[in-house]
Amino acid sequence: MYEIVKLTHMSAVVLSVLLFLSRFILTVIKSDKLQLKWLKILPHIVYTVLLVAAIALCILIQQYPVVDGWVTEKLVAFFMYAFMVVLALKPEQTAIMRGVGFVGALSWIAYAGFIAVTKQPLLF
C-alpha cells in the first residue's frame, strides 16, 4: 500500500510541475490555449491528488505536520510552491514578477524534494 501511495504522490508532483511549465510557456507567449477548459481544471485535480496522497503517506508512516519538522517543511514548501505558481501565471503580472514566480516555484518544489529525500528539516 505504501509504495502505491508514494508513487501516486510522486507522479502527482511530476505532473504538477509539467503542467506548471506548460502553462507558464503558454502564459508567456499569450496563447489562446490557456482558455481550454481541461487546462484550467486539471491542475486542481492534480493538486487534490497530491494532497490526498500526502495525507495518506503521513498516516501510513505516522509522521505529521507540526509534530515532525520535515513534514511541516514539506507542507510549507508546497503552499509556497502553489503561491509562486499563481504569481507566475497571473496574466496581469509584469515580466519580472512572472520570472520571480517561475524561479520561486521551481526553487520551492526542489526544496520540497530535498526535504523528502533527506527527511531533515532546515527551517523549523
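The values are calculated or read from the model by the stated rules, or taken from the named source; none is laboratory data. These figures come from a predicted structure and were not determined experimentally. Counting neighbours? That spans all protein chains shown, and the Cβs are built from the backbone with ideal geometry, glycine included.
To keep it simple, each residue is scored yes or no on (1) in a helix (DSSP H, G or I); (2) modelled with pLDDT of 95 or more; (3) touching a Leu at 6+ places or on another chain (Cβ under 9 Å); (4) small (Gly, Ala, Ser).
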site: LYS30; (1), (2), (3), (4): no, no, no, no
site: ILE45; (1), (2), (3), (4): yes, yes, no, no
site: THR48; (1), (2), (3), (4): yes, yes, no, no
site: VAL52; (1), (2), (3), (4): yes, yes, no, no
site: VAL67; (1), (2), (3), (4): no, no, no, no
site: PRO91; (1), (2), (3), (4): no, no, yes, no
site: VAL117; (1), (2), (3), (4): yes, no, no, no
site: GLN120; (1), (2), (3), (4): no, no, no, no
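What's the number of the condition ARG98 fails, among (1) surrounded by fewer than 17 Cβ atoms within 10 Å (Cβ to Cβ); (2) more than 27 Å from LEU7 (Cβ to Cβ); (3) among the charged types (D, E, K, R)? Going through (1) surrounded by fewer than 17 Cβ atoms within 10 Å (Cβ to Cβ); (2) more than 27 Å from LEU7 (Cβ to Cβ); (3) among the charged types (D, E, K, R) one by one, ARG98 breaks only (1).
Only one of the listed residues (ILE41, ILE115) is buried (at least 17 other Cβ atoms within 10 Å of the Cβ), within 18 Å of ALA12 (Cα to Cα) and not polar (S, T, N, Q). That residue is ILE115.
Total residues in region 69-95 satisfying the condition of being surrounded by 14 or more Cβ atoms within 10 Å (Cβ to Cβ), within 17 Å of PRO121 (Cβ to Cβ) and without any contact (Cβ under 8 Å) to a residue 24 or more places away in the chain: the figure is 2. In region 40-62, the residues that are farther than 13 Å from PHE20 by Cα form Cβ pairs under 6 Å with partners that are assigned to a helix (DSSP H, G or I) and at pLDDT below 95, at six or more places apart or across chains, as follows: LEU60/TYR2.
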